[in-house]
Each structure stands twice: as structure tokens, then as C-alpha cells.
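Trainee: Got a structure for you, questions after.
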Amino acid sequence: MASERLQKILAQAGIASRRAAERYIKEGRVKVNGAVVSTLGSKADPAVDRIAVDGHGVLEAQAKVYIAMHKPKNVVTTVSDPEGRTTVMDVLGMSRAVGPRQHEGEMPRVYPVGRLDFDAEGLLMLTNDGELAHALLHPRHHVPKTYVVKIKGKVDPKAIERLKAGVRLRQEDGSRSPPTAPASASIVRESPANTWLELVIVEGRHHQVKKMCEAVGHRVIRLIRTDFGGITLEPLAAGAWRFLTNAEIRRLQSWVGKAAAPERAPKAHRPVDRQRRPR
Ligand code: URA
């Protein structure tokens, strides 16, 4: 998620002009996560950090908006990109929401919930509910994410068992990470050249799915997220987006203890036959 200068965040939230926001900061009236920040140029991430002016939460007054997008590949999961690549914000601005509106009037600024790699596709949530976004990404809450991946070659049943049990991932410095948490892994489809696997993981380590597959000797050539905490990618086409329903918002909140669990709460390890099939 992107950090931005505090005065920009305050201005975008309609709290004050940039100049007035700078004054508020210098006067010690702005807090980030409970601590006064009085240095101009300090940054924060509105999707994660709690930002307050004179004790009032900056983003709390805004209507909360929850969006599910089908991120196409070759789109970067940031609000802006110094290299000029298409961002998920560009995708959001290119089309109207599919289905019923959740929000009337001007759309508040939203931020991606976690990230998908530039070459990855599938379900990406966006919201201005920083608290929920932060909680959903916290490893403590074990929110299940389902990925369907295309892999070169045949996958040995032993590799599937290792993916399920947990594997140690290659790290930047060449060492191996602690094992990944138990996951669900199964073969969706095989051809002589490739295999489609479905993985359900409850963590969100950097490039986790690619690195898990690499740890068992396979390179991922396509990666699609099909489900995030019970919110499904279907029926969105690539580049399309929609507002979540109230029931879906409650479902997400239930993962982090902010709403009662829905009657039919999504299971962490859903049977493969209920998942989206790659074409
Ligand atoms: N795992 C990956 O390797 N990439 C993603 O984009 C998401 C999960």
C-alpha cells in the first residue's frame, strides 16, 4: 500500500487545504496511530494508519466504500506508478461499477487491500476502510485466499503434500523462511505440458504462491486470485469492478471479529468443486 505525505492525505480527505494542513502538522495537531507527527514531509498510509486531527479520525467521517475488482495482468497494485504503468486506480476510473451501486455521489478515495503482483490477475479488494483493510491483512486473522495457478509440467503428488504441509520459501539473502502455514492444494486440470493447481492459503507473504510453487520445483506461468475471504471473483470480467453487498461486507468483518459470522461462513479450505475453473 502506498504512503503519502500527511498534508496531501488531509487535503484529499477534505480536511483542509494543503497549506492549512501543513500548519496543522507544524502545530502538533495531527496524530498518526496515536503519536503526534509535527515534521513536515512525514508520510502515512491512509489504508492502514489511523490519522487524526485534533483527536478526530480523518477518514472516519467519510462513507465507507468496499469494492471488488478483477485486476487484469500487467497492472500495478499502487495508487500511482513512477514508471507510468497502468495502476489499479486507472482501471477503477476506466469503467463504471457492474451491478447495484453501494455509494451515491463522488467516490471517496479508496486504496487496495494488499497487493497482487504486476503479472497476477484476479480479485483485488479496494476500500477506504483502513481499519478493516489492515485487519484483513493481519496474519492473526487467517483470512483464506484462493489462487488458481498454471504451472509448467506435471506436478508430483508428493509436491502437493509438501504444499499442504508447509514449505520454506527462498528469501532475498538466499536463506530459507520458516515454513508456510498449512494450506489446501489440489490439481484442477492437467495437460501434457502444464498443470493447473488450486491453492488456498491463510497468510500473505511476499510473492507467496510463486515462491511456494518454486519451493517444490515449479515455476508459475499464470496466477489468478479467485477468492478473498469468501468474496469471489466471478462474475467479473478482467478490468471490471463492483461494490460489495452489505452481506459481503459483514462476511469480511466477521473474519476480524467486527461482525457476527454469517450463517454459512466460508470455510478456509473450500472444496475444489466450488471454486472457479480456469478456462
Ligand atoms: N502470491 C504471489 O506469488 N503473487 C501474488 O500476486 C499473490 C500471491
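Trainee: Taking into account only those residues within the range 144-171 that are of a type outside the set (A, V, I, L, M) and within 15 Å of the ligand (Cβ to nearest atom), which is surrounded by the most Cβ atoms within 10 Å (Cβ to Cβ)? Full working, then the answer.
Mentor: Looking only at the range 144-171, we keep the residues that are of a type outside the set (A, V, I, L, M), and these are 144-147, 150, 152-154, 156-158, 161-162, 164, 166, 168, 170-171.
Applying the additional criterion that residues be within 15 Å of the ligand (Cβ to nearest atom) yields 144-147, 150, 170-171.
Details: 144: 20, 145: 23, 146: 28, 147: 26, 150: 18, 170: 14, 171: 12.
Looking at the filtered set, the residue picked out is 146.
Trainee: For the range 200-239, give me each residue that is small (Gly, Ala, Ser) and within 13 Å of the ligand (Cβ to nearest atom).
Mentor: The initial filter retains those residues of the range 200-239 that are small (Gly, Ala, Ser), namely 204, 215, 217, 229-230, 237-239.
Of everything in the range 200-239, those that are small (Gly, Ala, Ser) and within 13 Å of the ligand (Cβ to nearest atom) turn out to be 204, 215.
Trainee: Sort out which residues of the range 123-143 are surrounded by fewer than 17 Cβ atoms within 10 Å (Cβ to Cβ) and either touching a residue at least 12 places away in the same chain (Cβ under 8 Å) or assigned to a loop (DSSP other than H, G, I, E, B) (or both), and write them in order of number.
Mentor: Step one: list which residues in the range 123-143 are surrounded by fewer than 17 Cβ atoms within 10 Å (Cβ to Cβ), which gives 138-142.
Answer for the range 123-143, where residues must be surrounded by fewer than 17 Cβ atoms within 10 Å (Cβ to Cβ) and either touching a residue at least 12 places away in the same chain (Cβ under 8 Å) or assigned to a loop (DSSP other than H, G, I, E, B) (or both): 138, 139, 141, 142.
Trainee: Looking at the range 200-214, which of the residues that are basic (Lys, Arg) and crowded, with 18+ Cβ neighbours inside 10 Å is farthest from residue 171 (Cα to Cα)? Please lay out each step first, then the result.
Mentor: Step one: of the range 200-214, the residues basic (Lys, Arg) are 205, 210-211.
Those left that are additionally crowded, with 18+ Cβ neighbours inside 10 Å: 210-211.
Working: 210: 12, 211: 9 Å.
Checking each candidate, the answer is 210.
Trainee: Whether any residue in the range 159-168 is acidic (Asp, Glu), farther than 26 Å from residue 200 by Cβ and either part of a helix (DSSP H, G or I) or in contact (Cβ under 8 Å) with a residue 24 or more places away in the chain (or both) is what I want to check.
Mentor: Step one: list which residues in the range 159-168 are acidic (Asp, Glu), which gives 161.
Now narrow it down to the ones that are farther than 26 Å from residue 200 by Cβ: none.
No.
Trainee: Filter the range 169-186 down to residues that are among the hydroxyl-bearing types (Ser, Thr, Tyr) and in a loop (DSSP other than H, G, I, E, B), then give me how many there are. Steps first, please.
Mentor: Step one: list which residues in the range 169-186 are among the hydroxyl-bearing types (Ser, Thr, Tyr), which gives 175, 177, 180, 184, 186.
Those left that are additionally in a loop (DSSP other than H, G, I, E, B): 175, 177, 180.
Count: 3.
Trainee: If you take just the helices (runs of 4 or more DSSP H) that sit entirely in the range 1-100, which of them hold at least 1 residues that are in contact with a Lys or Arg (Cβ under 7 Å, 6 or more places away or on another chain) and either touching a residue at least 40 places away in the same chain (Cβ under 8 Å) or under 19 Å from residue 113 (Cβ atoms) (or both)?
Mentor: On the way: elements: 6-12, 18-26, 88-94.
Per the criteria, 6-12, 88-94.
Trainee: Taking residue 197, is it open to solvent by less than 60 Å² (accessible area, probe 1.4 Å) and away from the ligand (no atom under 16 Å from the Cβ)? Explain how you work it out, then say what you get.
Mentor: Details: open to solvent by less than 60 Å² (accessible area, probe 1.4 Å): yes; away from the ligand (no atom under 16 Å from the Cβ): no.
It is false that residue 197 is open to solvent by less than 60 Å² (accessible area, probe 1.4 Å) and away from the ligand (no atom under 16 Å from the Cβ).
Trainee: Of the conditions (1) within 23 Å of residue 75 (Cα to Cα); (2) among the basic types (Lys, Arg); (3) assigned to a strand (DSSP E or B), residue 189 fails just one. Which one is it?
Mentor: With respect to (1) within 23 Å of residue 75 (Cα to Cα); (2) among the basic types (Lys, Arg); (3) assigned to a strand (DSSP E or B), residue 189 is out only on (1).
Trainee: Give the residue, chosen from 21, 47, that is crowded, with 18+ Cβ neighbours inside 10 Å and under 14 Å from residue 111 (Cα atoms).
Mentor: Details: 21 fails: under 14 Å from residue 111 (Cα atoms).
Testing whether each residue is crowded, with 18+ Cβ neighbours inside 10 Å and under 14 Å from residue 111 (Cα atoms) leaves just 47.
The values are calculated or read from the model by the stated rules, or taken from the named source; none is laboratory data. Here the structure is a predicted model, which means the values were calculated and not measured. Using ideal geometry, Cβ is built from the backbone for each residue, glycine included, and neighbour counts are taken over all protein chains shown. Areas reflect the complete protein model, heavy atoms only, side chains present, ligands, DNA and RNA absent. Shrake-Rupley method; radii C 1.70, N 1.55, O 1.52, S 1.80 Å.
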